[in-house]
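Read through the structure below, which is laid out as structure tokens, and then see the notes.
The values are calculated or read from the model by the stated rules, or taken from the named source; none is laboratory data. In this text, all values refer to a predicted model and were calculated from it rather than measured experimentally. Here the Cβ positions follow ideal geometry from the backbone for every residue, glycine too, while neighbour counts run over all protein chains shown.
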Amino acid sequence: MNYPALSPALTAAMPSPAQIATIRGRGRAIIAHEAEALRHLGEGLDDSFARACWLIAGARRRLVVSGMGKSGHIGRKIAASFSATGTAALFLHPAEASHGDLGMMMAGDVLLVLSNSGNTGELGSVLRHARALGVAIIGMVACSRSMVGNMADVLLLLPDRPEACQDSFAPTTSTVMQLALGDALALSVMEARGVGRGQIRALHPGGAIGQRLTPVGEVMHRTGLPLVAPDAPMSDVVPVISDHRYGLAGVVDGAGRLLGVISDGDLRRHFSTLAERTAGEVMTRDPLSLCADMVAVDALKWMNEAKITAAFVVAPMAGGEGVPLGIVHMHDLLPMGLEPA
């Protein structure tokens with residue numbers, strides 16, 4: 001293996017090829033171990049998972065997630081995943097809860113508690129307060145005979161799998177299963193509540209997700225479209241294509257409906273007879289077109305698969321043809337941080 005230039009001290013500390021092979025093998029074994037645990041988790045999902053989703057989806061207020069230590073770190077991620085997928089959620093630190101933060105949980109919430117052992121002492125006050133408020137409790141534990149197991153209305157039992165840490169000290173496999181189960185809950189609840197792309201985009205206005213879900217209608221060019229009539233001589237059409245720089249022109253009838261398009265490829269195919277032809281004779285009929293509500297990432301993928309660089313955005317009509325509303329070029333989408341598949 002070739003390493004970049006390093007200081008002598010660092011170079012002397014680099015592992016030998018044999019050590020590299022050993023370390024790489026250990027890494028692969030850990031990932032395989034955790035992947036096997038996830039397989040058991042998936043195969044073991046039962047009706048309790050559906051009941052948990054139903055409770056969260058039907059909550060009058062929010063989902064409150066709580067956990068201590070490494071389970072708390074995973075709990076924060078789960079709460080963030082729910083919030084990002086349309087379900088109001090917050091993380092309640094169990095230690096801070098005993099010092100006033102219990103007020104964050106109110107009647108109408110649903111509580112999701114994470115604890116591998118199920119006997120994390122700091123969770124006691126959170127569980128008792130939930131009981132006093134009549135808050136439904138979902139427990140995610142590896143031991144059903146535990147404090148959390150006994151107090152939970154719905155129990156999500158993690159399969160009994162050893163940690164990837166050889167001495168089972170560091171939470172590894174258990175937290176991977178918690179995270180995966182949290183993702184499964186968040187996405188299943190999102191679908192159950194009918195949260196769509198528009199709502200997801202509204203929750204991500206400043207990031208890559210929002211860009212990917214931008215409707216084509218918001219980025220298309222609306223004015224100065226390269227449109228010609230079917231009887232237009234090609235001597236008039238070529239300048240339209242050149243001047244607009246989209247690489248095509250649309251051919252529309254008297255009602256403004258898109259009948260076809262003339263691309264650079266069409267010009268090359270009819271080059272020898274262009275002077276004698278009209279737009280209607282050269283155009284490609286039934287052209288590929290976009291809908292205004294198609295999101296940017298899907299539009300870019302579609303254009304890439306169709307091997308086209310620009311397309312008209314049309315309004316659907318009963319006759320199967322539409323009026324051009326705008327035009328989108330692949331270069332309008334690429335600056336948004338999108339990449340063709």
Of the residues in segment 44-62, those that are without any contact (Cβ under 8 Å) to a residue 60 or more places away in the chain and either over 24 Å from the mean Cα position of the chain (by Cα) or within 12 Å of GLY182 (Cα to Cα) (or both) number 4
When you scan segment 189-199, do you find a residue that is under 18 Å from ARG76 (Cβ atoms), at pLDDT 85 or above and either among the aromatic types (Phe, Trp, Tyr) or buried (at least 17 other Cβ atoms within 10 Å of the Cβ) (or both), even just one?
yes
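Condition check ((1) polar (S, T, N, Q); (2) over 10 Å from ALA279 (Cβ atoms); (3) in the same structural domain as ARG285 (by TED's automatic domain parsing); (4) touching a helix residue (DSSP H, G or I) at 6+ places or on another chain (Cβ under 8 Å)) across all residues:
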{"site": "GLY224", "(1), (2), (3), (4)": "no, yes, yes, yes"}
{"site": "ALA229", "(1), (2), (3), (4)": "no, no, yes, yes"}
{"site": "MET234", "(1), (2), (3), (4)": "no, no, yes, yes"}
{"site": "VAL237", "(1), (2), (3), (4)": "no, no, yes, yes"}
{"site": "VAL252", "(1), (2), (3), (4)": "no, no, yes, no"}
Residue hits (segment 292-321; modelled with pLDDT of 85 or more and assigned to a loop (DSSP other than H, G, I, E, B)) are LYS307, ILE308, THR309
Exactly one of ALA95, ALA142 is under 23 Å from PRO171 (Cα atoms), in the same structural domain as ALA52 (by TED's automatic domain parsing), in contact (Cβ under 8 Å) with a residue 12 or more places away in the chain and touching an Asp or Glu at 6+ places or on another chain (Cβ under 6 Å), and that one is ALA95
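Residues that are polar (S, T, N, Q) and without any contact (Cβ under 8 Å) to a residue 12 or more places away in the chain: does segment 278-295 have at least one? Explain how you work it out, then say what you get.
Keep residues of segment 278-295 that are polar (S, T, N, Q), which gives 278, 284, 289.
Applying the additional criterion that residues be without any contact (Cβ under 8 Å) to a residue 12 or more places away in the chain yields none.
No, there is no match, as no residue in segment 278-295 is polar (S, T, N, Q) and without any contact (Cβ under 8 Å) to a residue 12 or more places away in the chain.
Just the residues that are in a loop (DSSP other than H, G, I, E, B) and within 42 Å of the chain's Cα centre (by Cα), please, taken from segment 263-290. Let's see the steps before the verdict.
Going through segment 263-290, the residues in a loop (DSSP other than H, G, I, E, B) turn out to be 270, 277, 283, 286-288.
Residues satisfying the conditions are MET283, ASP286, PRO287, LEU288.
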Going through segment 66-108 in order, the residues found to be over 19 Å from ALA136 (Cα atoms) and not in a helix (DSSP H, G or I) are MET68, GLY69, THR85, GLY86, SER98, HIS99, GLY100
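If I filter segment 272-281 for residues that are over 16 Å from GLU218 (Cα atoms), surrounded by 12 or more Cβ atoms within 10 Å (Cβ to Cβ) and aliphatic (A, V, I, L, M), do I get at least one hit?
First, the residues of segment 272-281 that are over 16 Å from GLU218 (Cα atoms): 272-281.
Filter once more, keeping what is surrounded by 12 or more Cβ atoms within 10 Å (Cβ to Cβ): 274, 277-281.
Narrowing the set further to residues that are aliphatic (A, V, I, L, M) leaves 274, 279.
Yes, there is a match, as at least one residue in segment 272-281 is over 16 Å from GLU218 (Cα atoms), surrounded by 12 or more Cβ atoms within 10 Å (Cβ to Cβ) and aliphatic (A, V, I, L, M).
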Check on GLY42, assigned to a helix (DSSP H, G or I), closer than 21 Å to SER174 by Cβ and touching a His at 6+ places or on another chain (Cβ under 9 Å)
no
